[in-house]
Amino acid sequence: MEAHALDLVTKWKYIGEGRSSCIFRPLFEPLEGFVLRAPKDIASERDGPLDFCNVARSFLPERSQSHVPFLEEVEVSADVCLLLHEASDGVRPQFRAKAGQLPHGAFTGHLLKDLVSDIYGCEDTISIEIKPKVPGPRSAGMCRFCRMQYYKLSKGQEVRHSKYCPILLYSGKEEHVVRAVEELFEESQNNLRWLPKGQQSTSQHPPLDFLEKSWFGRSFEHPVSAMGLTAHLTFQKTHIMEDLKQIQENLFFPLSTAHCLAEEFVRRKGSFDDFVAWQAPFKGGVKSIIEYSRQARAWKTEDVSRIPLEDLEAALRAYSVLSSFKDCSLILSFAPINKCTIDVPGVQTVEVDGKILAFRIGVVDLDYKHPTRIFHYFERERKIDELVEGVDTSCRWELH
């Protein structure tokens, strides 16, 4: 994208933000269908490359790679930056605004496809964001998400357990996926977000009354169940959940192993201060990361001290890269179809209870996890072990 194209945009719309970046929609026809991601000042080298999802995409089978939006690096001028500040003033959530500000002056940002823009120009487009979470490890008995519920309650981050369990969402069975979506609507925590008109909802939970009054509610007797069925059919047609599940089962190695490797690395090197080296492209590419991850699954604790430093680094980098899939999100957008339409890249159709819907799906939040986080994850798991001691570990792994 030519830099001057951004300079022609005189009006921007704040869409939302995550921990390290804000998202804006340019109200300018040549850039229609794109959004701009602007890094916040708390973003650091530990967060890894800002376009890390361009790397993470490679781990998915070819059929799913198109569902990860490609990020194009763009230079944003000081004048455009000023317009972004004006667009976000007074509309950013307070808890986000306190945790990082937009840059002042020129900066490097990224353009990517707008996953929540109207489909076929349909203003009734409905978008949701699901953070499915990772069910594993199976060896723990209770899945990772359900274990985290006890930790969040102990920290006062939540007031009640979520009924949702990711094993249901990943099962591939219609009744289980529908139930998982129903449970997310009932107690969403931060794992289901409503994106009305392409913006983050200001409410903690998706407004069910809005869903019931929308075309979705008018079209289906039980709109939440219909949304679950639509999600299931979407997952089935794109294979995206199946492919994410394969990455989790085949490429991750245990946190306990990663912790041993991290401790050994610090013992030899003193620290993880060489951040740039950790961001450097993996010498052997995707195949090497997969190879080192599989090797690490076979390593035993007593072998760690004999592992060459180069292999130690490679395995830790592999763990960091693959961990990006643990907290990724899915953006799903749906719109009714009333007549035949032309093919639009990224838009497919699905039939739900006799009604044809257009849909678009994307994988986002594929953020690099720096190796130093391994120590935090390990200590957190130790605390969770204490919290769940004696608790019935009844997650239904037979469905996974």
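The values are calculated or read from the model by the stated rules, or taken from the named source; none is laboratory data. Remember, predicted model here, so these are calculated numbers, not experimental data. Because the Cβ atoms are built from the backbone with ideal geometry, glycine has one as well, and the counts that use them run over all protein chains shown.
One residue stands out among those in segment 334-381 that are touching a strand residue (DSSP E or B) at 6+ places or on another chain (Cβ under 6 Å) and more than 24 Å from Ser225 (Cα to Cα): the one that is modelled with the lowest pLDDT, which is Gly346.
I'd like to check something: does segment 110-129 contain any residue that is crowded, with 17+ Cβ neighbours inside 10 Å, of a type outside the set (S, T, N, Q) and within 14 Å of Asp41 (Cβ to Cβ)? No, every residue in segment 110-129 fails to be crowded, with 17+ Cβ neighbours inside 10 Å, of a type outside the set (S, T, N, Q) and within 14 Å of Asp41 (Cβ to Cβ).
Could you tell me whether Ala99 is among the small types (Gly, Ala, Ser) and more than 13 Å from Lys40 (Cα to Cα)? Walk me through how you get there before you give the answer.
Values: among the small types (Gly, Ala, Ser): yes; more than 13 Å from Lys40 (Cα to Cα): no.
So Ala99 does not fit the description; no.
Are there any pairs with C-beta distances below 6 angstrom linking a residue in segment 259-271 that is within 13 Å of Ala315 (Cβ to Cβ) to a residue that is β-branched (Val, Ile, Thr), with the two at least 6 apart or on different chains, and if so which? Hits for this filter: His259/Ile374; Cys260/Thr301; Cys260/Val304; Ala262/Ile374; Glu264/Val304. Put simply, of Asp367, Asp311 the only residue that is of a type in the set (Asp, Glu), surrounded by fewer than 19 Cβ atoms within 10 Å (Cβ to Cβ) and touching a Phe, Trp or Tyr at 6+ places or on another chain (Cβ under 8 Å) is Asp311. Taking the criterion of being in contact with a Gly (Cβ under 6 Å, 6 or more places away or on another chain) and among the charged types (D, E, K, R), the only residue of segment 95-128 that qualifies is Asp114.
Looking across segment 61-72, just one residue is in a loop (DSSP other than H, G, I, E, B), at pLDDT 90 or above and surrounded by fewer than 19 Cβ atoms within 10 Å (Cβ to Cβ), and that is Ser66.
Looking only at segment 220-247, how many residues end up being in a helix (DSSP H, G or I) and surrounded by fewer than 15 Cβ atoms within 10 Å (Cβ to Cβ)?
Filtering segment 220-247 for residues in a helix (DSSP H, G or I) gives 223-238, 240-247.
Okay, now just the ones that are also surrounded by fewer than 15 Cβ atoms within 10 Å (Cβ to Cβ), so 237.
Residues in segment 220-247 being in a helix (DSSP H, G or I) and surrounded by fewer than 15 Cβ atoms within 10 Å (Cβ to Cβ): 1 in total.
Against the numbered list (1) at pLDDT below 90; (2) in contact with a helix residue (DSSP H, G or I) (Cβ under 8 Å, 6 or more places away or on another chain), Phe265 comes up short only at (1). Quick check on Ala99: is it assigned to a helix (DSSP H, G or I), within 19 Å of Ile23 (Cβ to Cβ) and among the hydrophobic types (A, V, I, L, M, F, W, C)? Here the answer is no, as Ala99 does not meet what is asked.
Output yes when any residue across segment 155-172 is aromatic (Phe, Trp, Tyr), outside any helix (DSSP H, G or I) and without any contact (Cβ under 8 Å) to a residue 60 or more places away in the chain, and no when none is.
From segment 155-172, those aromatic (Phe, Trp, Tyr) are 164, 170; that's our starting set.
Filter once more, so that each one left must be outside any helix (DSSP H, G or I): 164.
Narrowing the set further to residues that are without any contact (Cβ under 8 Å) to a residue 60 or more places away in the chain leaves 164.
For segment 155-172, residues aromatic (Phe, Trp, Tyr), outside any helix (DSSP H, G or I) and without any contact (Cβ under 8 Å) to a residue 60 or more places away in the chain: present.
Checking each residue in segment 9-60 for being in a loop (DSSP other than H, G, I, E, B), at pLDDT below 80 and farther than 30 Å from Ile290 by Cα picks out Asp41, Ile42. I'd like to know if segment 146-164 contains one or more residues that are surrounded by 15 or more Cβ atoms within 10 Å (Cβ to Cβ), at pLDDT below 90, more than 22 Å from Leu233 (Cα to Cα) and in contact with a Pro (Cβ under 9 Å, 6 or more places away or on another chain). The answer is yes, given that some residue of segment 146-164 is surrounded by 15 or more Cβ atoms within 10 Å (Cβ to Cβ), at pLDDT below 90, more than 22 Å from Leu233 (Cα to Cα) and in contact with a Pro (Cβ under 9 Å, 6 or more places away or on another chain).
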